[in-house]
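Scroll down for the structure; my scribbles are underneath it.
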Amino acid sequence: MGGLRVIGDIGGTNARFALAQNGAYQNLVHVGVGQYASLHDALTAYIEGLAPSLRPSEAALAIAGPVFGDMIALTNHGWTFSISELKQSLQLSSLAVMNDFAATALSVPYLRASDIFLVGPESAEAKGPIGVIGPGTGLGVSSLIPVGENWALVPGEGGHVTLAASTKEEDAIIAVLRTRFEHVSAERALSGAGLVNLYEALCSIAGVAAAPLTPADVTNRAICGTDATCVDAFAHFCRFLGTVAGDLAVTIGATGGIYIAGGILLRFKEAFAASPFRERFEDKGRFSGLLRGIPTRLILDESPALSGLANSPL
C-alpha cells in the first residue's frame with residue numbers, strides 16, 4: 001500500500017476520484033457522472049489533471065453495481081465497461097474493481113470516533129460480524145466477517161431484496177409500488193428516488209395529486225414540517241430502513257454492529273436518530289433482545305468507499 005494509486009468511488013449520480021498512498025488520499029475531485037460519456041473519459045480527465053510526477057500506474061475503483069466478471073454495468077446509470085479493456089486503454093499495471101458498498105465495508109475498521117454518529121444505545125461488548133447498509137442513489141449492502149485479527153469481506157446486492165411490509169399501511173404502500181415496478185425491492189423505497197416513490201404512493205393512497213418533488217424537496221419539507229405527506233414519507237423511509245437493517249443484522253448475526261452510510265441521512269442525523277428507525281430495527285419478535293444489543297451507527301464520512309480503497313491491499 002506504499003505506492004501511489006488512483007482510487008474512485010463511482011455512484012449513479014456522482015463520481016469521486018483521488019490519489020491514495022499509505023492509507024490516506026489527496027487530490028480529491030468530485031464530478032457528476034452525467035458530465036462524461038464513459039468512465040474511461042472521466043478517469044482519463046482526472047489522471048491527465050495530475051502533475052506528471054503523480055501519475056500512478058495502479059487504480060482501484062468502487063462501482064455502484066454488481067461486480068461478477070469482466071463486464072461492469074452501473075445499476076442506476078448508463079456507464080458500462082470492461083475491466084480488462086479499461087486497464088489496457090489507460091496503460092495501468094493493475095486495476096481492481098469492486099462494488100461500492102464492499103469498499104465502504106472495508107473502511108469500517110479505519111473509521112475514527114468523529115466519523116460515527118450513534119443511533120440508539122451503544123454496546124461496549126459489540127464484537128463479531130458487521131453489516132453495512134446505505135441509501136443513496138441506490139441502496140448498498142455489504143458485510144465484514146472477523147477472521148482472527150483480520151476481516152473477510154462479503155459483498156452482495158442486498159439492496160435488491162424484496163421489500164417487506166410490517167403494517168397495513170405499508171401493505172398499501174407496497175401495493176401502489178407494485179403497480180409501477182415488476183419487483184418492489186428495498187431500493188424502490190430506500191434511496192433518493194425511493195423517498196419520492198414513498199411520497200407519491202402516500203398521495204395516491206390519499207387520493208390527492210402528488211407535486212413534482214425531488215428527493216431533496218421531500219426531505220427538506222419533512223424536516224421543516226411544512227408538508228404532512230413528506231413528514232409521513234420520511235417516517236416510512238426510516239421504518240423501512242429499520243426493517244431492512246434489522247433483517248441484515250439477523251441474517252449475518254451482526255453482533256459487531258450495523259453501519260449506515262449513503263448521502264441521504266448525513267444532513268439529517270438528529271432527525272434520523274429521533275425517527276422510528278431504531279424502534280423498527282429492534283422489532284423482531286422473539287429476537288428483539290438480540291437486536292437491542294446490536295449498535296447502529298451512522299457513518300459521517302462522505303466518501304467511506306475511498307477510505308476503504310486507500311487502506312486495503314487489492
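The values are calculated or read from the model by the stated rules, or taken from the named source; none is laboratory data. No experiment lies behind these values; they were computed from the predicted model shown. Positions of Cβ are generated from backbone atoms using ideal geometry, with glycine treated the same way; all protein chains shown enter the neighbour counts.
A compact table of results
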| quantity | calculated |
| --- | --- |
| Neighbours by Cβ (under 8 Å, 6+ apart or cross-chain): first from segment 70-94, closer than 17 Å to residue 57 by Cβ and free of Cβ contacts under 8 Å to residues at least 24 places away in the same chain; second of a type outside the set (S, T, N, Q) and part of a loop (DSSP other than H, G, I, E, B) | 83/70; 84/70 |
| Matching residues, segment 186-216, being outside any helix (DSSP H, G or I) and surrounded by 22 or more Cβ atoms within 10 Å (Cβ to Cβ) | 189, 190, 191 |
| Count of residues meeting criterion [surrounded by fewer than 22 Cβ atoms within 10 Å (Cβ to Cβ) and farther than 28 Å from residue 274 by Cα] in segment 98-118 | 0 |
| Residue 128 being closer than 18 Å to residue 262 by Cα and touching a Ser or Thr at 6+ places or on another chain (Cβ under 9 Å) | no |
| Test: residue in segment 16-35 that is surrounded by 14 or more Cβ atoms within 10 Å (Cβ to Cβ), in a loop (DSSP other than H, G, I, E, B), among the polar types (S, T, N, Q) and in contact (Cβ under 8 Å) with a residue 12 or more places away in the chain | no |
| Any chance residue 275 is under 21 Å from the mean Cα position of the chain (by Cα) and either of a type in the set (D, E, K, R) or modelled with pLDDT of 95 or more (or both) | yes |
| Hits in segment 172-230 - residues which are closer than 15 Å to residue 244 by Cβ and in contact with a Phe, Trp or Tyr (Cβ under 8 Å, 6 or more places away or on another chain) | 186, 188, 189, 190, 194, 195, 198 |
| Residue, surrounded by the fewest Cβ atoms within 10 Å (Cβ to Cβ), within segment 231-278, restricted to residues that are closer than 23 Å to residue 129 by Cβ, β-branched (Val, Ile, Thr) and out of contact with any Phe, Trp or Tyr (no Cβ under 7 Å at 6 or more places or on another chain) | 251 |
| Cβ-Cβ under 6 Å pairs, at least 6 apart or on other chains, segment 276-296 side closer than 12 Å to residue 254 by Cβ, far side among the basic types (Lys, Arg) | 291/284 |
| Any hit, segment 254-263, residues being at pLDDT 95 or above, hydrophobic (A, V, I, L, M, F, W, C) and under 21 Å from residue 193 (Cβ atoms) | yes |
| Residue within segment 229-244 that is farther than 19 Å from residue 279 by Cα, part of a loop (DSSP other than H, G, I, E, B) and of a type outside the set (Val, Ile, Thr) present | no |
